[in-house]
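Let me begin by presenting the structure, written as structure tokens, before commenting on it.
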Amino acid sequence: MGDKEAFLQQFYIPYYIFEPQAVMKSPMHIPECPVIVFINSRSGGLTCVFPLAFNPGECNFQVFDLGDEAPDKVLHKLYHNLETLKSCNDDFASEIQKRLKLIVAGGDGTASWLLGVVSNLN
């Protein structure tokens, strides 16, 4: 594993966290700063940058274009999956939830939109 891949591992979230029917693989380590990226594609070339940085060679399930998916649906699904996994004693899911960060790429309106969604999640 190269330096770039080792660095990016600190941000990756295993696919099974997003899709409950996915096969759970034992994670090698808990990422220090797992992230979800929301991009407003109307803000320019950002859609080209983030997918290349996150999960290269795989589906980019940590990067969401706000033109394609509403953030409230994405986050509700993610938190529902995390709660389900935690109820099955998945300590890894619990740590992901504690450490999870959001990256919002867009303007002031995009940032305000995501802040509103997050505050409504309780």
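The values are calculated or read from the model by the stated rules, or taken from the named source; none is laboratory data. What you are looking at is a predicted structure, and each value in this text was computed from that prediction instead of being measured. Don't worry about glycine lacking a Cβ; one is built from the backbone with ideal geometry, like all the others, and counts go over all protein chains shown. Calculation scope for accessible area: heavy atoms of the full protein, side chains included, ligands and nucleic acids excluded. Shrake-Rupley method; radii C 1.70, N 1.55, O 1.52, S 1.80 Å.
Go through 65, 3, 91 and list them by solvent-accessible area, largest first, probe radius 1.4 Å.
Values: 65 35, 3 140, 91 120 Å².
Reading off the accessible areas and sorting them downward yields 3, 91, 65.
7 Å from Cα along Cα→Cβ at both residue 29 and residue 80: what's the point-to-point distance in nm?
Between residue 29 and residue 80, the label points sit 3.4 nm apart.
Can you list residues whose amide H is under 5 Å from residue 37's amide H, if they're 5+ apart or on another chain and H is modeled 1.01 Å from N?
When sequence neighbours closer than 5 places are left aside, the close amide H contacts are 63, 64, 103.
Residues of region 67-122: accessible area per residue at 1.4 Å, in Å²?
The answer is 62 Å² per residue.
Please arrange 83, 19 by accessible surface area, largest first, computed with a 1.4 Å probe and ligands excluded. Intermediate results must be reported in sequence, preceding the final value.
Details: 83 90, 19 40 Å².
Putting 83, 19 in descending order of accessible area: 83, 19.
Heavy atoms of the protein only, probe of 1.4 Å, neighbouring chains included. What is the accessible area of residue 84 in Å², nearest 10?
60 Å²
Heavy atoms of the protein only, probe of 1.4 Å, neighbouring chains included. What is the accessible area of residue 74 in Å², nearest 10?
So the heavy atoms of residue 74 present about 10 Å² to solvent.
Let's test the formula: R0 of 41 Å, r as the Cβ-Cβ distance of residue 6 and residue 119. What FRET efficiency results, to the nearest 0.05?
Result of the calculation: an efficiency of 0.75.
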